[in-house]
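Quick notes on the structure that follows.
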Amino acid sequence: MSGIIIKSAEQIEIMRESALMVSRTLGIVAGAVKPGVTTLELDKIAEEFIRDNGGIPGFLGLYDFPNTLCMSPNAQIVHGIPNNTPLVEGDIISVDCGVLKNGYYGDHAYTFEVGEVAPETKKLIEVTKESLYEGIRAFKVGNRVGDVGFAIQNYCEKHGYGIVRELVGHGLGMEMHEEPEMPNYGRRGRGKKFVEGMVVAIEPMVNMGTHRINQLKDGWTILTKDNKPSVHFEHDIAIVNGKPELLSTFKYVDEALGNVFTTEDEFRADASKI
Ligand code: MG
Ligand code: MG
């Protein structure tokens, strides 16, 4: 398959359902993240929730990935495999989840704090999350792929953080990974042009130290070369009326964590749709 696949208004509404199922799954996981829980236990909770609600885990079996969630603690960036190691106070855990429903994928991610984490790690989480919204603001008709990458990179590098180069966001639809690739780095005005009806996953992966990576021998887990922490947030966004329309939401995570939910209002035409 080649080329960007534009979605109709009806398809975008179907995709919103898939995205929101991931959002609700992340909300369930948020309520269960605590010291002592294993990433495999969290994976089971997520798989059960998705199946109970008429979805199919989107990652399970995709490229032969063995689980429902990618679980990447601390220095792991993405694609970590759930296991029996309990999370401990001070850890961070990046949780990436995909769902297939009605033939369309949802795909988004959140990095959780386990108990109290170090202030410098908290800062990395805050900056990465804000960089995601900076990127989303640039996803609009008239802009190009490089504008989103530039917005994310510029925001994060001001704080001295490393932007992972090897892994990128992507178009989303009936395939988990469609065109275009959406790097978290780039130059303004470069790359493919955004048009009405595009749907993408934007997903900054931001390292406290070097942007360089290693991969574990399991063939999956990507981690930082300097073993410093890395953070990952991901949202699904459509272009509607020329502007970014968020299909996924962190509302359910914020509710589970007792956070105030405000950040996303500018990216959703109808607040009742979440
Ligand atoms: Mg993705
Ligand atoms: Mg993802």
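Please treat every number below as a calculation from the coordinates, not as lab data. Quick caveat, the model's predicted, so the values are computed rather than measured. Don't worry about glycine lacking a Cβ; one is built from the backbone with ideal geometry, like all the others, and counts go over all protein chains shown.
Out of the stretch 87-104, which residues are under 26 Å from E17 (Cβ atoms) and away from ligand 2 (no atom under 16 Å from the Cβ)?
Selection gives N102, G103.
Quick one: M205 ticks every box in (1) within 16 Å of ligand 2 (Cβ to nearest atom); (2) touching a Pro at 6+ places or on another chain (Cβ under 7 Å) bar one, so which box is it?
M205 satisfies all of (1) within 16 Å of ligand 2 (Cβ to nearest atom); (2) touching a Pro at 6+ places or on another chain (Cβ under 7 Å) except (2).
Tally the residues that are closer than 17 Å to E134 by Cα and among the β-branched types (V, I, T), restricting the search to the stretch 165-196.
Of the residues in that region, 1 qualify.
So which of A32, A19, A46 ends up being under 20 Å from the mean Cα position of the chain (by Cα), among the small types (G, A, S) and either more than 21 Å from F250 (Cα to Cα) or surrounded by fewer than 19 Cβ atoms within 10 Å (Cβ to Cβ) (or both)?
A32
Considering each residue of the stretch 121-164, count those that are assigned to a helix (DSSP H, G or I), under 17 Å from K228 (Cβ atoms) and without any contact (Cβ under 8 Å) to a residue 40 or more places away in the chain, and give that number.
Result for the stretch 121-164: 4.
Scan the stretch 33-86 for residues that are away from ligand 2 (no atom under 16 Å from the Cβ), among the polar types (S, T, N, Q) and over 18 Å from A19 (Cβ atoms) and report the count.
The number of residues fulfilling the criteria is 5.
Whether any residue in the stretch 183-195 is in contact (Cβ under 8 Å) with a residue 60 or more places away in the chain, within 16 Å of ligand 2 (Cβ to nearest atom), within 30 Å of K228 (Cβ to Cβ) and not hydrophobic (A, V, I, L, M, F, W, C) is what I want to check.
The answer is no, given that none of the residues of the stretch 183-195 is in contact (Cβ under 8 Å) with a residue 60 or more places away in the chain, within 16 Å of ligand 2 (Cβ to nearest atom), within 30 Å of K228 (Cβ to Cβ) and not hydrophobic (A, V, I, L, M, F, W, C).
How about the stretch 160-203: which of its residues are among the β-branched types (V, I, T) and within 11 Å of ligand 1 (Cβ to nearest atom)?
The answer is V168, V200, I202.
Within the stretch 189-265, considering only strands (runs of 3 or more DSSP E) that don't extend past its boundaries, which have at least 3 residues that are surrounded by fewer than 22 Cβ atoms within 10 Å (Cβ to Cβ)?
Correct list: 213-215.
Could you tell me how many of the residues in the stretch 102-137 are within 16 Å of ligand 1 (Cβ to nearest atom) and within 27 Å of M174 (Cβ to Cβ)?
Of the residues in the stretch 102-137, 10 are within 16 Å of ligand 1 (Cβ to nearest atom) and within 27 Å of M174 (Cβ to Cβ).
Mind checking which residues of the stretch 171-182 are without any contact (Cβ under 8 Å) to a residue 60 or more places away in the chain and either of a type in the set (S, T, Y) or buried (at least 22 other Cβ atoms within 10 Å of the Cβ) (or both)?
Result: M182, single match.
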